[in-house]
Amino acid sequence: MWWEGIEAPRRPALAQDLDVDVAIVGAGYTGLWTAFALKEADPNLRVVILEREHVGFGASGRNGGFCYDGFAAGPERIEAMSDLATARDWGAALRETIDIIGDVTKKHAIACDFHQGGTIEFLTNGGQLERARADVESAHHYGWTEDDLKILSAAESLEIGRAADVLGGMLSPKAASIQPAKLAHGLGDLVQKWGVQIYENTPVTAIEPGVVTTAGGRVKAPFIVRATEGYTAELPGHKRRLAPLYSLMIATEPLRESLWDEIGLADMETFGDLRHLVTYGQRTADGRIAFGGRGAPYDYGSRVRRNAEFEVEAFTMVRTGLLKIFPQLEDTTITHRWGGVLGVTRNWIPTAGLDRESGLAWAGGYVGSGVAVANLAGRTLADLIRGEDTRLTRFPWVNHHVRKWEPEPFRWLGINGALQVMKRADAVEDRRGKAAATAEWLWRIVKI
């Protein structure tokens, strides 16, 4: 759906050897923002991006469009890796990133429907309300204010969206929505105009110090960036580095104005509820609701479904989740269904880094929060590559060692077992109205 109406250029496949300053593998947000930051800092740098499919093919061009200051592991993990002051500064950097992305899209006329209408989590049972209060209390401890994150009453929540069974809400007023494919497409066009060479339909078969190998040619570069996120497991030697997990999405037909009057979301707020299996939705610029959720099974051996093809029945849970929030949509036609892969590190902490001796750099493991964090990663990688000692390069996610996922069959058993526990916990909370202790216990184990 996101790609309909976008006239993306047909870029050539690599058919020669190249010698450049920086080679980037992957033309998603991480690769594009890294190229943007490098060329903005030094227009003379020779930068090339190698992409197996096309610009924005993966999560960057098919996600839910949430541009927010979220971080899967939470600021508590940053404090544990460093100190309270650093964790607070990290939170500030995340919040600033939303404005940075908005400023770039405005300055460079990237028409990606960037709109800061905020994000609301509708809280529909006692377990969700308990987690939301804890999240807000923790966030305020780490520097977020009421202007950044707050609890709403049921009445205040219903003023934003007429969701069902609402006990309250958690609002992030500064969060933004985007049209994800338009952002990827616009960034690709922009960096190409700045002299970045982009080669599509160019599968990379090997990444080694100083050289990237493809079927069409070899690219030599003192710095090579792996920006492959959920597809990292396809690279030789990386099968246990990032687990490829899936999120599924649906989109409704454009809704009539009278139905929007019943639903709300007048400021195009993005929305979800605070269940363990994440849900997320937005009111699109063309008047639809695009809605997604987790819970699709992990495939044995970190196999990646490149086109994320699932049977129609697999989307039943997603539609059920949407109707739980907005039952007004019961008779609405679902016009689009799609899925995609995202990357998850073993301890849920994204990483960015550079081994200066080998020249190999990387970023990823965003656990579905990559719209904003990928921009932060790109700016961080640009500073590292250019040898700059900056505020960004001193954050503890830089060069953070993340242990690998367990070998099979333990990886398959653990991940799919955890998904089932989370699904069960959501059902228990809906029925009992209070937090499911098994889910909280599992959550602590998962992040070890």
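The values are calculated or read from the model by the stated rules, or taken from the named source; none is laboratory data. Source: prediction; values computed, not measured. Note: ideal-geometry Cβ built from the backbone for every residue, glycine included; neighbour counts use all protein chains shown.
As an exercise: evaluate Glu388 against (1) without any contact (Cβ under 8 Å) to a residue 12 or more places away in the chain; (2) outside the structural domain of Ala80 (by TED's automatic domain parsing); (3) of a type in the set (D, E, K, R) and give the number of the one condition it does not meet.
(2)
Return yes or no: is Gly230 within 22 Å of the chain's Cα centre (by Cα), within 25 Å of Gly28 (Cα to Cα) and assigned by TED's automatic domain parsing to the domain that holds Ile385?
yes
For segment 90-100, how many residues are buried (at least 18 other Cβ atoms within 10 Å of the Cβ) and either more than 20 Å from Thr393 (Cβ to Cβ) or among the charged types (D, E, K, R) (or both)?
Number satisfying all stated conditions: 2.
Got at least one residue in segment 353-374 being among the charged types (D, E, K, R), more than 26 Å from Asp99 (Cα to Cα) and in a strand (DSSP E or B)?
Yes, that holds for at least one residue.
So Arg133 passes all but one of these: (1) more than 19 Å from Ile325 (Cα to Cα); (2) crowded, with 18+ Cβ neighbours inside 10 Å; (3) basic (Lys, Arg). Which condition number does it fail?
Only one criterion is unmet by Arg133, namely (2).
Can you spot a residue in segment 296-307 that is of a type in the set (Ser, Thr, Tyr), in contact with a Leu (Cβ under 9 Å, 6 or more places away or on another chain) and touching a residue at least 60 places away in the same chain (Cβ under 8 Å)?
yes
Determine which single condition Thr97 fails, assuming it passes every other condition in (1) over 30 Å from Pro222 (Cα atoms); (2) in contact with a Cys (Cβ under 9 Å, 6 or more places away or on another chain); (3) of a type outside the set (A, V, I, L, M).
Of the numbered conditions (1) over 30 Å from Pro222 (Cα atoms); (2) in contact with a Cys (Cβ under 9 Å, 6 or more places away or on another chain); (3) of a type outside the set (A, V, I, L, M), the odd one out for Thr97 is (1).
Would segment 64-77 turn up any residue that is among the hydroxyl-bearing types (Ser, Thr, Tyr), in the same structural domain as Gly378 (by TED's automatic domain parsing) and crowded, with 19+ Cβ neighbours inside 10 Å?
The answer is yes, given that some residue of segment 64-77 is among the hydroxyl-bearing types (Ser, Thr, Tyr), in the same structural domain as Gly378 (by TED's automatic domain parsing) and crowded, with 19+ Cβ neighbours inside 10 Å.
Inspect all residues belonging to segment 228-241 and state whether any of them is buried (at least 24 other Cβ atoms within 10 Å of the Cβ) and part of a loop (DSSP other than H, G, I, E, B).
yes
Modelled with pLDDT of 95 or more and within 24 Å of the chain's Cα centre (by Cα): is that true of Leu167 in this structure?
Criteria not met by Leu167.
Quick check, is Arg346 touching a residue at least 12 places away in the same chain (Cβ under 8 Å), basic (Lys, Arg), in contact with a strand residue (DSSP E or B) (Cβ under 9 Å, 6 or more places away or on another chain) and buried (at least 17 other Cβ atoms within 10 Å of the Cβ)?
Taking the combined requirement at face value, the residue satisfies it.
When only residues in segment 20-61 that are out of contact with any helix residue (DSSP H, G or I) (no Cβ under 7 Å at 6 or more places or on another chain) and charged (D, E, K, R) count, which is surrounded by the most Cβ atoms within 10 Å (Cβ to Cβ)?
It comes out as Glu51.
Within segment 192-203, is there a residue that is surrounded by fewer than 20 Cβ atoms within 10 Å (Cβ to Cβ), out of contact with any strand residue (DSSP E or B) (no Cβ under 9 Å at 6 or more places or on another chain) and part of a helix (DSSP H, G or I)? Can you show your working first?
Step one: of segment 192-203, the residues surrounded by fewer than 20 Cβ atoms within 10 Å (Cβ to Cβ) are 192-195, 197, 201, 203.
With out of contact with any strand residue (DSSP E or B) (no Cβ under 9 Å at 6 or more places or on another chain) added as a condition, the list becomes 193, 201.
With part of a helix (DSSP H, G or I) added as a condition, the list becomes 193.
Yes, the conditions are met somewhere in segment 192-203.
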